[in-house]
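The structure appears below as structure tokens.
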Amino acid sequence: MRPNPRSTRTSAVRTASETDRGRALVLCVAAWLVPGAGHLLQHRLGRGLTCLFVLPLMFALGLLFDGALFPLTPITQSPLTSAAALAERCVGAPWIATAVAGWGRGDVVSPTYEYGWVLMVVAGLLNTLVVLDAYDIALGRK
Amino acid sequence: MPSHFFFLLVFSVLVSTVFAVLQKDTLADQVRFALTMTAGFVAFAVAAGWLMRLFPL
């Protein structure tokens, strides 16, 4: 019995699509871990280098302005604080390095404390957009 | 300590730069978009600041 060429082609397309999606997810993890890596791995040097420079700079400035790394304890803290803690984690390696080094305790009486944590949270949120952009590029949507 | 305006400028320039590289493809478009967005941030913040003078605590 001869194989149906249409079903063989459909199966090949599905396999290619799943491969693309798997590769895109790997790129997303890389883009989360190192801001801009998802674009750099897809040869989008301008976007990648800009994100690689600007997002860690924002996070570092936030630390410099006495911003805090919010702990993630959803049971005992307000939902907004949990959201801020999640957003900070979205910046990847800068957050990991800061947490490991024990920095980012924050100084709530500092005049620049609010500016600091806002910069750190926004850096994480912007990296989320960068990750989604890398995902779209990997799937050929952009 | 730097002024509030300084912090506003730092925040606006950095956020606008990331949005510009994500939204536009050519360098000229990116620069134009980033400058427009930075100006929008600053203009809105200054306007909102003056507006809030009308409603003292």
Members of the range A:25-53 that are within 14 Å of chain B (Cβ to nearest Cβ), of a type outside the set (D, E, K, R), part of a helix (DSSP H, G or I) and in contact (Cβ under 8 Å) with a residue 24 or more places away in the chain: A:Ala31, A:Gly38, A:His39, A:Cys51
When you check A:Ser78 against the structure, is it hydroxyl-bearing (Ser, Thr, Tyr), more than 14 Å from every other protein chain (Cβ to nearest Cβ) and either touching a Pro at 6+ places or on another chain (Cβ under 6 Å) or more than 24 Å from A:Val108 (Cβ to Cβ) (or both), yes or no? no
Can you tell me which residue in the range B:37-55 is farthest from B:Phe11 (Cα to Cα), limited to those that are of a type outside the set (Phe, Trp, Tyr) and surrounded by 12 or more Cβ atoms within 10 Å (Cβ to Cβ)? B:Gly49
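Determine, yes or no, whether A:Val109 is more than 11 Å from A:Phe59 (Cα to Cα), surrounded by fewer than 21 Cβ atoms within 10 Å (Cβ to Cβ) and among the β-branched types (Val, Ile, Thr). Quick ask: steps written out before the conclusion?
Working: more than 11 Å from A:Phe59 (Cα to Cα): yes; surrounded by fewer than 21 Cβ atoms within 10 Å (Cβ to Cβ): yes; among the β-branched types (Val, Ile, Thr): yes.
Here the answer is yes, as A:Val109 does meet what is asked.
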Note on the range B:1-16: residues facing chain A (nearest Cβ under 9 Å) and outside any helix (DSSP H, G or I) are B:Met1, B:Pro2
Where a residue in the range B:17-29 is more than 9 Å from every other protein chain (Cβ to nearest Cβ) and farther than 18 Å from A:Leu119 by Cβ and its partner, wherever it lies, is buried (at least 16 other Cβ atoms within 10 Å of the Cβ) and at pLDDT 95 or above, with Cβ under 7 Å and at least six apart: B:Gln23/B:Phe33; B:Lys24/B:Gln30; B:Lys24/B:Phe33
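The values are calculated or read from the model by the stated rules, or taken from the named source; none is laboratory data. Being a predicted model, the structure only gives us computed values, none of them experimental. Cβ sites come from the backbone with ideal geometry, for glycine too, and all protein chains shown count toward neighbours.
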